[in-house]
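Novice: Here you go, one structure.
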Amino acid sequence: MIISFIFFLSIFICIGVLSTLANKHTNQDYFLASQGVKPWLVALSAVATNNSGFMFIGMIGCTYTQGLSSIWLMVGLIGGDFIASFFIHKKLRVKAQNERVLSFAGVISKWGNFNYTKLRAYLGTVTIVFLGTYAAGQLNAGSKALHVLFGWDYKLGAIIGAIILLLYCFSGGIRASIWTDAAQSFVMIFAMGLLCIVSIIKIGGVSELIFKLQNISDDYTCLFTQNLHIGSVTGPFLFILGWILAGIGVIGQPQIMVRFMAMDRPDNMFKVRVYYYSLFTLFSILTIMVGAMARILLPDIDHFDAELALPKLADALLPEVLIGLVLAGLFAATMSTADSQVLSCSAAVTSDFTGKKKPSYLITKLSTVFVTFIALMIALYGSKSVFSLMLVSWSALGASFAPLLIIYAFNGRPSERLSIAIASLGTLGVVIWKLLGWENYFYEIAPGMILGFCVFFCSKLFVKKERVIN
């Protein structure tokens, strides 16, 4: 198993390292692959980045414990993401080219033909804090998988992941991440599909699967479990709305949106959309199926970490060579996602605080080392829950960036001070909601985004009233 894992992981690493052959050794190539990425690669990479540790570890674990109500996470995420793609992605690609900026915060700060330097610095800070934490969650996800199958210490897995992350970054920057993402997507679709087929055979067929799922608990197969209800109608409505807003919040995730910024031509957005959402849906369905079947085949819920369901199920059902393949794909996927997040943080460090001064290529790479070190420290000494680490970071990023992007896309032109207020209060709303423990009723990104929009509309109302009085 270990030999298989090392062999397949080495292949993924080699793919990333080979990207150095196309490396132009410029900051623009390092962060955006010279904006020459083909539509199918953009789609595969965006899916892999969106669905690595969160889906393979967190989403499967959620289904294992909560049941089929986790399907609403899929519906909300894909639905909200799909809606936002019609009015953000193509415009983002055009703005990135026209303004010649390399960071996500840089595009937003120059969206309306202005140059909000203070806003850019604030959004750069948000990127570093929360995306660095998100990267730590990816390192944590990979180390968990190594721990369960090989018994390796959590710290060792995270350190190995950080080394691989730096190999990707130093070889080809974002291009290395995109190339390895594509390879991992094919491997993980194959592995997850195979695992589903083998699990169904082991259980005794589809009818037996349905029967056993219904007997796990009274509400395991219910689409709306008791913990989702505030009232007979409002509970499910708020829960689904929260996850739809989470899907829209994808436009606030720098590590995903940078893929669309790197797309070769804005007019290829339709092709990207077809590839991306088809694969996104397939990935999500497979993770829910694996989580549900793991609950049947690995029923010792009281002594079992649900976030380890995928590697545990693979260990129980597959031959050792394929276990190594699954684990190598999972581990490499979390690392290439983490390197995308680290690269976005590096872009923030080198672009969002330096004004007009452009850093050298060497300084850019050194900033990557620094950010990787910080992410590793968080992974080693921070929270061990992948799902909670990623959800909080996801929410904070989405609530900070998404409202501003939507307002700008619909020709809203708030002042710099108001833009900072929208972003900061969105982040604050997420933090307060999380501290109050209300995320089971309404996913915390939702109140953060709503608060950001309220700030904007209240300011418009106030300005109109002021003009009437004058």
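The values are calculated or read from the model by the stated rules, or taken from the named source; none is laboratory data. All of these numbers come straight from a predicted model, not from anything done at the bench. Backbone-built Cβ (ideal geometry, glycine too); neighbour counts: all protein chains shown.
Novice: Listed residues Leu131, Leu102, Leu92, Leu119; which is of a type in the set (A, V, I, L, M, F, W, C), in a helix (DSSP H, G or I) and modelled with pLDDT under 90?
Specialist: When all the criteria are applied, what remains is Leu131.
Novice: Also, I was wondering about something else. Based on this model, can you work out whether Ala292 counts as under 30 Å from Trp40 (Cα atoms) and touching a residue at least 40 places away in the same chain (Cβ under 8 Å)?
Specialist: no
Novice: Okay, next question. Can you find a residue in the range 459-470 that is β-branched (Val, Ile, Thr), more than 20 Å from Gly124 (Cα to Cα), at pLDDT 90 or above and surrounded by fewer than 21 Cβ atoms within 10 Å (Cβ to Cβ)?
Specialist: For the range 459-470, residues β-branched (Val, Ile, Thr), more than 20 Å from Gly124 (Cα to Cα), at pLDDT 90 or above and surrounded by fewer than 21 Cβ atoms within 10 Å (Cβ to Cβ): absent.
Novice: Here is a list: Ser10, Ser45, Ser69. Which entry is touching a residue at least 40 places away in the same chain (Cβ under 8 Å), farther than 22 Å from Val107 by Cα and assigned to a helix (DSSP H, G or I)?
Specialist: Step by step, each of Ser10, Ser45, Ser69 is checked, and only Ser69 is touching a residue at least 40 places away in the same chain (Cβ under 8 Å), farther than 22 Å from Val107 by Cα and assigned to a helix (DSSP H, G or I).
Novice: Could I ask something else about it? Considering every residue within the range 89-101, establish whether at least one is surrounded by 23 or more Cβ atoms within 10 Å (Cβ to Cβ), under 26 Å from Lys312 (Cα atoms) and in contact with a Phe, Trp or Tyr (Cβ under 9 Å, 6 or more places away or on another chain).
Specialist: Checking the range 89-101: not a single residue is surrounded by 23 or more Cβ atoms within 10 Å (Cβ to Cβ), under 26 Å from Lys312 (Cα atoms) and in contact with a Phe, Trp or Tyr (Cβ under 9 Å, 6 or more places away or on another chain).
Novice: Return the total of residues in the range 209-224 being polar (S, T, N, Q) and in a helix (DSSP H, G or I).
Specialist: The qualifying residues number 1.
Novice: Is one or more of the residues making up the range 320-329 closer than 19 Å to Ile378 by Cα and either of a type outside the set (A, V, I, L, M) or surrounded by fewer than 22 Cβ atoms within 10 Å (Cβ to Cβ) (or both)?
Specialist: Taking every residue of the range 320-329 in turn, none turns out to be closer than 19 Å to Ile378 by Cα and either of a type outside the set (A, V, I, L, M) or surrounded by fewer than 22 Cβ atoms within 10 Å (Cβ to Cβ) (or both).
Novice: Tell me which residues, restricted to the range 257-268, are surrounded by 21 or more Cβ atoms within 10 Å (Cβ to Cβ) and either at pLDDT below 90 or farther than 15 Å from Gly80 by Cα (or both).
Specialist: Listed by number, the residues that qualify are Val258, Arg259, Phe260, Met261, Ala262, Met263.
Novice: Another question, then. Considering each residue of the range 438-461, count those that are within 17 Å of Ala396 (Cα to Cα) and part of a loop (DSSP other than H, G, I, E, B), and give that number.
Specialist: Result for the range 438-461: 6.
Novice: Consider only pairs whose beta carbons are under 8 Å apart and that are at least six residues apart or on different chains; among these, list those whose first residue lies in the range 262-289 and is in a loop (DSSP other than H, G, I, E, B) and whose second residue is of a type in the set (S, T, N, Q).
Specialist: Ala262/Gln35; Asp264/Gln35
Novice: Then there is this: Return a yes/no flag: does the range 24-36 have any residue that is under 13 Å from the mean Cα position of the chain (by Cα) and of a type in the set (Gly, Ala, Ser).
Specialist: no
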